[in-house]
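Engineer: Can you keep this structure in mind? I'll have questions shortly.
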Amino acid sequence: MEASIIQIGNSKGLRLSKTILEKYQIKDKVELILEKDEIILRPIDSPRKNWEEKFREMAENEDDQLLMNDVFDDENFDEWN
């Protein structure tokens, strides 16, 4: 398949047809992979990719502390009964 490079402001871009976007479930972003003499576009399908690893790193670095208490000193639970 041949595609044209088009002018987009001061940059240039590649226009993908609606059919391609739907077939490969491309929403807002793609991963751009540069290998040897190839450029590979891969849809980004998991916005939370690597979160588990990052949370683990935060815990190891003790950087996973709450920013605010989950219970406030002046909180009254009587009204919830």
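The values are calculated or read from the model by the stated rules, or taken from the named source; none is laboratory data. Quick caveat: nothing in here was measured; it's all calculated off a predicted structure. As a convention, Cβ positions derive from the backbone with ideal geometry for all residues, glycine included, and neighbour counts pool all protein chains shown.
Engineer: Would it be correct to say that Q65 is polar (S, T, N, Q) and either closer than 30 Å to E2 by Cβ or assigned to a strand (DSSP E or B) (or both)?
Structural biologist: It is false that Q65 is polar (S, T, N, Q) and either closer than 30 Å to E2 by Cβ or assigned to a strand (DSSP E or B) (or both).
Engineer: Moving on. Quick check on region 1-52: of everything there that is polar (S, T, N, Q) and assigned to a loop (DSSP other than H, G, I, E, B), which residue is nearest to D64 (Cα to Cα)?
Structural biologist: Ranking the qualifying residues of region 1-52, first place goes to N50.
Engineer: Would you call S46 of a type in the set (S, T, Y) and at pLDDT below 90?
Structural biologist: Judged against the criteria, S46 is a match.
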